[in-house]
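Below is one structure; the comments refer to it alone.
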Amino acid sequence: MNDALEVTGLVKAFGSTRALDGLDLHVRTGEVHGFLGPNGAGKTTTIRVLLGLLHADSGQVKVLGGDPWKDAVALHHRLAYVPGDVNLWPNLSGGEAIDLLGDLRGGLDKARRQELMERFQLDPAKRCRTYSKGNRQKVALVAAFASDVELFILDEPTSGLDPLMEAAFQQTVREVSGRGATVLLSSHIFSEVEALCSRVSIIRDGRTVESGTLAELRHLTRTAVAVEAAEPITGLDGLPGVHDLVAEGMRASFDVDSAELPGVLRHLAAFEVHVLTSHPPTLEKLFMRHYGNGVPVSEVSR
Amino acid sequence: MSAYAGTGRLIRLAARRDRIQLPIWILASAAVMGAGVAAVADEFPTEAGRVSALQAAGGSPAVLLMRGTPVGTDLGALVNFRNFSSMLVVVGLMSTFAMVRHTRQNEETGRAELIGSGVVGRHAALTAALTVTIAANLLLGALVTATLLGSGLAVDGSLAFGAACAVTGMAFTGIAAIAAQLFQGARATNAFAATAVGVAFMVRGVGDALGERAADGIQVNSAWLSWLSPLGWGAQVRPYGDERWWVLALPVALLVVCVGAAFALVDRRDLGAGLLPDRPGPAIASRSLLSPLGLAWRLNRGATYGWVIGSAVSGLAIGSLGAAVNDAMAGNEGASELLGQLAGTGGPDLVDVFFAAMMNIFGVLAASFAVQILLRLRAEESGGQAEAVLATAVGRAKWLASHLTCAVGGAAAMLVLTGAGAGLADAAAGGDTGVVTLAGAGLAQLPAALAMAGFVVLVFGGLPRLSVTLAWAGLALAITFGLLGDVIGLPQSVRDLSPFSHVPAIPAVAATAGPIVGLLAVAAVLTAAGAVLFRRRDLAL
Ligand SMILES: Nc1ncnc2c1ncn2[C@@H]1O[C@H](COP(=O)(O)OP(=O)(O)OP(=O)(O)O)[C@@H](O)[C@H]1O
Ligand SMILES: [Mg+2]
């Protein structure tokens, strides 16, 4: 089957700023794909290109097999979008905005609309002007998820939701994913990405710096290890993948690339180890390394 | 924290935001006055010429309605007659728009909330807006006075002229300050405030049209109705006539009362809300909303009703004057010349010339309406709502067309109803111009409005970030070239650039297809070009 989203070498400049600089993004049909990157990395810009709202300067972009610029209307029947900044019409009620957006997309499921409205505890009779940021986001979420479409493009959809609503959101994403829909989820919330996404792409400065399954990415992170043995521990500094080693006599602490962990453990087995503690790799740590400005791209993607 | 804390900072911010817009209003006003004096001096160099022109004008209610009452026969008095009433409208509009910009619009875009969370008192935003707007009025008055003095006009009259401009602006500053507290949303507030200027103009105009001629056969004493209008007060200062300085106190008093009321209202309402609380809306959308056109109509219907009703009522008022024009003008030759100048044509039947001139004005109103409605496109784009709509299965062309339909349909309804209203009122007053004729005369203005609409679509498609400024500037130039071109002495080639110069003066002359077809073609080409540009460009968020 084709990928739901295929982006290769995407470039988009605004005047002299190159917001996207050769970005790649591949989202397989049916997966929930996390789309991560620091502020200003180009997530929203990418999404707007995917929606045909911005015209790519160069690169290949395919959405559900079509060209998002030329085939926008046909494609938009098959996808739903939740913008990062939900701006609604102040005089319309939330219910009207939901019906309107759903209908313009090609219709929405009445029962599903009702169910979601209850799940997200949204009062549809209020004017959009009076909604809080979180409630505006709920309007966009209900309008999107009440449509029976193949692809959901969500740009930081939960940045204003409380924890209860975050749980409702995760449940809803699992439901649509369960029936085979594809989801592109841009987010700054690691726990959300870890809970929902099978694969993620991390971008920085308009370029993809990392892409793969969560397991693969965990592999790229380092485990923090501390050991204490009956005899002085030697030879660690010669092992591949060991970083930030602090060895003092019978104790040692260091970080090790997850891929090299087996070799390190074999080496340690030769010593009489009393205590061994390790902290498993977290996505957060990986993200931090990618997000931090000090780390050059080449080192990070090693 | 004092209620006024942070006012100074806000004043600097407001002045910075307005560092281009307000100076343009002010300098343009002074420039128009300079050109106006030169044009009058050129056209009416002799006392005798001025006397005969004014004698004619004093007998024509239509001229009095548009231009106010003559106050004397010297050069300054004629400048007053030709330019004063439109200058007062200009300061009125400048002041209302500036007030809305710095109060309601700030709140709507969330700027005020940001500002309010800093060290800024409750009253600071309104105080800052008032300060900047009043300062702009004073500056405008001073500059206009200086220009008039520089053109060699009398000191007393020039001072009174500038002062009357300044205080009239202040009166509308006060009115806008209250409107900003009462209405939800900058657009509604702007519409209300602009309507207030329009109503004040009509009230002043009707009062002057019904005025009584003084013994000298030149001066006209306005009827009491004029005294109900802030624009009337400005006129009653009578610069270059027998200056009545005490009248200057009336608009200032209105400002004081309005400002007091506005501050009282500020204390009663929450930021971002109007005084009237939000009622809940329907939980489910009605079918009529569920299409791009349904949405566009829903967004524009309030403004459309306002414009159409306001225009139709004005049409009734104009229509009722037709018979009076006829009576007053019987046997008066100079008058037809002046009216003809106003209508852009000479004609045998004065009532027809009068109606043609009025319909030209309504054509301008319809064009302004179309500009306002079409700029909603830009507001939706920069506000982010267009992003949501265009990410659904609505194509760009369809979205554009839905708003265009509202603009064209609304303008057409406005013109036909206004013409028909004028015809009905004319018939009721004993005239025989005819409902169908006047409705047709109204409709004949539509192509000019459509050409303006096409221009707006073009700038929206080509230069979205500048489109609001360019659209209003284009309209202002079209009005200046088309309607005031003669007043400020522009050459015909420049006046021909305005669509309003090409509309046939029905019913004074027979309808001709040429200019109408030409205007429609221009409108179609501009619109198509704008649509193509829009479909090819990025959404400018
Ligand atoms: N219309 C525009 N004009 C100029 N520059 C723009 C425009 N839109 C985006 N940019 C720039 O492009 C870059 C990418 O912005 P984008 O909004 O895509 O980032 P993002 O990854 O979505 O960030 P965030 O996490 O803050 O939402 C930024 O440097 C931004 O300043
Ligand atoms: Mg973003």
Compute the FRET efficiency between A:S58 and A:T277 as 1/(1 + (r/R0)^6), taking r as their Cβ-Cβ distance and R0 = 51 Å, and round to the nearest 0.05.
-> 0.55
Cα centroid distance between segment A:138-166 and segment A:51-127, in Å?
-> 10 Å
How much length is gained on full extension from B:A249 to B:L182, taking 0.36 nm per residue of separation minus their Cα-Cα distance?
-> 21.5 nm
Quick one: which residues, 5+ away or cross-chain, put their amide H under 5 Å from the amide H of A:H33? H built at 1.01 Å from N.
-> A:V183, A:L184, A:L185
Pairs A:K43/A:K70; A:K110/B:K398; A:K43/A:K138; A:K70/A:K133; A:K62/A:K126; A:K70/A:K285: which are spaced more than 31 Å apart, C-alpha to C-alpha?
-> A:K70/A:K133; A:K62/A:K126; A:K70/A:K285
Placing each pseudo-label 7 Å from Cα in the direction of the beta carbon, B:A261 and B:W227 end up separated by a distance in nanometres of 2.0 nm
Can you work out the accessible area per residue across the protein assembly as shown, with the rest of the protein chains kept in place, probe 1.4 Å, in square angstrom?
-> 40 Å²
Hey, any idea what Rg/Rh is for segment B:487-538, computing Rh the Kirkwood way over Cα pairs?
-> 1.14
When Lys and Arg each count +1 and Asp and Glu each count -1, what net charge do the other residues less than 12 Å away from B:P507, Cβ to Cβ, add up to?
-> -4
Determine the share of segment B:427-531's accessible area contributed by carbon and sulfur atoms, expressed in whole percent, with a 1.4 angstrom probe.
-> 74 percent
Is the shape of the protein assembly as shown rounded, prolate or oblate, going by the alpha carbon gyration tensor and its root eigenvalues a ≥ b ≥ c, with a/c under 1.5 for rounded and a/b larger than b/c for prolate?
-> prolate
Restricting segment B:440-508 to chymotrypsin sites (Phe, Trp or Tyr not before Pro) in coil, as DSSP defines it, with at most 10 other Cβ within 10 Å = none
If N is the residue count of segment A:119-171, its Cα Rg over 2.2 N^0.38 Å rounds to 1.11
With all distinct Cα pairs included, what does the Kirkwood hydrodynamic radius of segment A:222-280 come out to in Å, to one decimal, could you say?
-> 11.1 Å
Calculated from DSSP helices alone, with each H run of at least 4 adding -39500 (n - 2.57) and the total divided by the residues of chain B, [θ]222 nm to the nearest 500 comes to -24000 deg cm²/dmol
Please list, in chain and number order, the residues 5+ apart from A:R207 or on another chain whose amide H is under 5 Å from its amide H, with Hs placed from the backbone.
-> A:D21
Pick from A:A140, A:A269, A:A215: which is most flexible by mean-square fluctuation in a GNM of chain A where alpha carbon atoms under 10 Å apart are linked?
-> A:A269
For the pair B:A521 and A:E194, how long in nm is the line joining their label points, each one 7 Å along Cα→Cβ?
-> 7.1 nm
Equivalent-ellipsoid semi-axes of chain A, from the Cα gyration tensor, Å, largest first | 43, 22, 16
Sticking with the crude label model, points 7 Å out along Cα→Cβ, report the distance from B:A135 to A:H77 in nm, one decimal please.
-> 5.8 nm
Go through segment B:181-228 and flag every residue whose accessible area shrinks by 20 Å² or more with all protein chains in place compared to the isolated chain (probe 1.4 Å).
-> B:Q184
In what sequence, largest accessible area first, do B:W25, A:W89, B:W246, B:W297 appear using a 1.4 Å probe?
-> B:W246, B:W297, B:W25, A:W89
Mean 1/r over distinct Cα pairs of chain B, inverted to a Kirkwood Rh in Å, yields 24.2 Å
Kindly report, to the nearest 10 Å², the accessible surface of A:K133 as traced by a 1.4 Å probe over protein heavy atoms only.
-> 100 Å²
Going from most exposed to least, what order do A:L64, B:L424 have by accessible area with a 1.4 Å probe?
-> B:L424, A:L64
For the protein assembly as shown, give the magnitude of the charge dipole about the Cα centre (Cβ charges: +1 Lys/Arg, -1 Asp/Glu; no others), in debye to the nearest 20.
-> 460 debye
Please name the residues of segment A:88-114 whose accessible area, counted over protein heavy atoms with a 1.4 angstrom probe, falls by no less than 30 Å² between the chain alone and the full protein assembly.
-> A:W89, A:L92, A:E96, A:D99, A:L100, A:L101, A:D103, A:L104
quick note, the protein assembly as shown, DSSP beta bridge pairs, % antiparallel (nearest 5) is 70 percent
note: segment B:459-525, Cα-Cα separations exceeding 20 Å make up a percent value of 41 percent
Kirkwood hydrodynamic radius of segment B:1-273 from all distinct Cα pairs, in Å?
-> 19.2 Å
Positive minus negative residues near A:F152 (Lys, Arg vs Asp, Glu; Cβ under 13 Å) | -1
Sum of -39500 (n - 2.57) over DSSP H runs of 4+, divided by residues of chain A (222 nm, nearest 500) = -9500 deg cm²/dmol
What FRET efficiency, computed as 1/(1 + (r/R0)^6) with R0 = 25 Å and r the Cβ-Cβ distance, is obtained for B:Q492 and B:A41, rounded to the nearest 0.05?
-> 0.80
Quick shape check on segment B:17-73: root eigenvalues a ≥ b ≥ c of the Cα gyration tensor, a/c under 1.5 is rounded, otherwise prolate if a/b tops b/c, else oblate, and it reads oblate
Could you state how much accessible area is buried at the A-B interface, both sides summed, with a 1.4 Å probe, in Å² to the nearest 100?
-> 3000 Å²
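The values are calculated or read from the model by the stated rules, or taken from the named source; none is laboratory data. This structure is a prediction, so every number in the text was calculated from the model and none was measured. Methodologically, a virtual Cβ is constructed for each residue, glycine included, from the backbone with ideal geometry; neighbour enumeration extends over all protein chains shown. Surface accessibility is based on the protein's heavy atoms, side chains included, excluding ligands, DNA and RNA. Shrake-Rupley method; radii C 1.70, N 1.55, O 1.52, S 1.80 Å.
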